[in-house]
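Read through the structure below, which is laid out as structure tokens, and then see the notes.
The values are calculated or read from the model by the stated rules, or taken from the named source; none is laboratory data. Computed from a predicted structure; not experimentally measured. With ideal geometry, Cβ positions are generated from the backbone for all residues, glycine too; neighbour counts draw on all protein chains shown. Areas reflect the complete protein model, heavy atoms only, side chains present, ligands, DNA and RNA absent. Shrake-Rupley method; radii C 1.70, N 1.55, O 1.52, S 1.80 Å.
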Amino acid sequence: TAETAARPVERRTAIAPLRSRGGAVTIHGVSKSFGHLKVLDNVTLTIPAGSVTTILGQSGSGKSTLLRSINHLERVDDGFIAIDGELIGYRQHGETLYELKEKDILKRRVEVGMVFQNFNLFPHLTVLENIIEAPVAVRRIPREQADAEALGLLARIGLSDKAHAYPRQLSGGQQQRVAIARALALKPKVLLFDEPTSALDPELVNEVLDVIKELARSGTTLIIVTHEIGFAREVSDLVVFMEQGRILETGTTEKVFSRPEHPRTAGFLAKVL
Ligand code: ADP
Ligand code: MG
């Protein structure tokens, strides 16, 4: 019928402009509910390639859900997220306009690295084995090459001497540095950090922040959820402030910290600074 014939065109028109938008990560009109709870409410945000973005907001404001959505661990109800111009899915008013198959989503997930609060290293694998596991199994990189790259990453995070240690033999800070190296081993287009130092003893926080600062300087695209405000101010290009699933304010770090537009942002910063 005329109606069905017209629809693919309509879809292409809807999707075409998105591919040309700059930005390592484009989030457009994203909403997500768990039952009756709206956890993301019409979130729109562009993360430029090579930038460092910090997401601030109180507990429960939707920060982790947003990161999980960027990593395709959550399927959004509405809107779309594109990584480097590539869409995973696009829904509008509950209707699916575009969606990748599950196995293609798995392939795409590799393009987004994620570092969690609790390190999540494999306890039965050595540091080196933890780092090469995904490159060998998922990316099909030859073992020798994966080993060489992993050793390079270990040198970069200052843990060359721990290649054959097991996670339990490392401090929390060292484990988290290994988790970062493991994420980097897949050469992601963007790296997400969800409160990477929240589970660490205070004296171990800085060694992890130093590794993240080095990544920031090297031009890796980073999105960081953290309560380390001083660190956020130092490394971020952009700051996003979330409340109840909404972005209340976004802007350059300088602007948001010195002249927050929204009174709620000002209130939040006054409390934590
Ligand atoms: P934040 O990271 O900012 O603390 P989250 O994204 O973890 O916020 O959570 C936002 C809200 O969504 C919270 O109220 C949380 O309880 C709820 N939530 C998160 N994940 C789930 C889930 N899988 N099922 C139900 N509710 C969830
Ligand atoms: Mg969280």
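Considering only the stretch 91-118, state which residues are open to solvent by 50 Å² or more (accessible area, probe 1.4 Å) and either among the aromatic types (F, W, Y) or touching a strand residue (DSSP E or B) at 6+ places or on another chain (Cβ under 8 Å) (or both).
Passing the criteria: Q92, H93, G94, T96, Y98, E99, F116, Q117.
For the subset of the stretch 224-250 comprising residues that are open to solvent by less than 50 Å² (accessible area, probe 1.4 Å) and among the polar types (S, T, N, Q), which member is nearest to ligand 2 (Cβ to nearest atom)?
T226
How many residues, within the stretch 120-139, are farther than 18 Å from H164 by Cβ, open to solvent by less than 50 Å² (accessible area, probe 1.4 Å) and in a loop (DSSP other than H, G, I, E, B)?
Final tally of qualifying residues: 0.
From A155, A165, which residue is farther than 18 Å from T226 by Cα, aliphatic (A, V, I, L, M), away from ligand 2 (no atom under 16 Å from the Cβ) and in contact with a Leu (Cβ under 9 Å, 6 or more places away or on another chain)?
A165
Every residue in the stretch 251-271 that is in a helix (DSSP H, G or I) and open to solvent by 70 Å² or more (accessible area, probe 1.4 Å), please.
Selection gives E254, P263, R264, A270, K271.
Keeping to the stretch 187-223, report how many residues are of a type in the set (V, I, T) and either open to solvent by 20 Å² or more (accessible area, probe 1.4 Å) or part of a helix (DSSP H, G or I) (or both).
Within the stretch 187-223, residues that are of a type in the set (V, I, T) and either open to solvent by 20 Å² or more (accessible area, probe 1.4 Å) or part of a helix (DSSP H, G or I) (or both) number 5.
In the stretch 25-55, what count of residues is obtained for those that are β-branched (V, I, T) and away from ligand 1 (no atom under 16 Å from the Cβ)?
Final tally of qualifying residues: 6.
Scanning for something within 21 Å of V239 (Cα to Cα) and within 16 Å of ligand 2 (Cβ to nearest atom), does the stretch 102-115 turn up at least one residue?
yes
Of (1) at pLDDT 95 or above; (2) within 16 Å of ligand 2 (Cβ to nearest atom); (3) open to solvent by 10 Å² or more (accessible area, probe 1.4 Å), T44 satisfies all except one. Which?
For T44, the exception is condition (2).
Can you name every residue in the stretch 47-59 that is surrounded by fewer than 22 Cβ atoms within 10 Å (Cβ to Cβ), within 13 Å of ligand 2 (Cβ to nearest atom) and either in a strand (DSSP E or B) or touching a residue at least 60 places away in the same chain (Cβ under 8 Å) (or both)?
Q58
Going through the stretch 56-68 one residue at a time, which ones are farther than 14 Å from V25 by Cα, of a type outside the set (G, A, S) and within 8 Å of ligand 1 (Cβ to nearest atom)?
Q58, K63, T65
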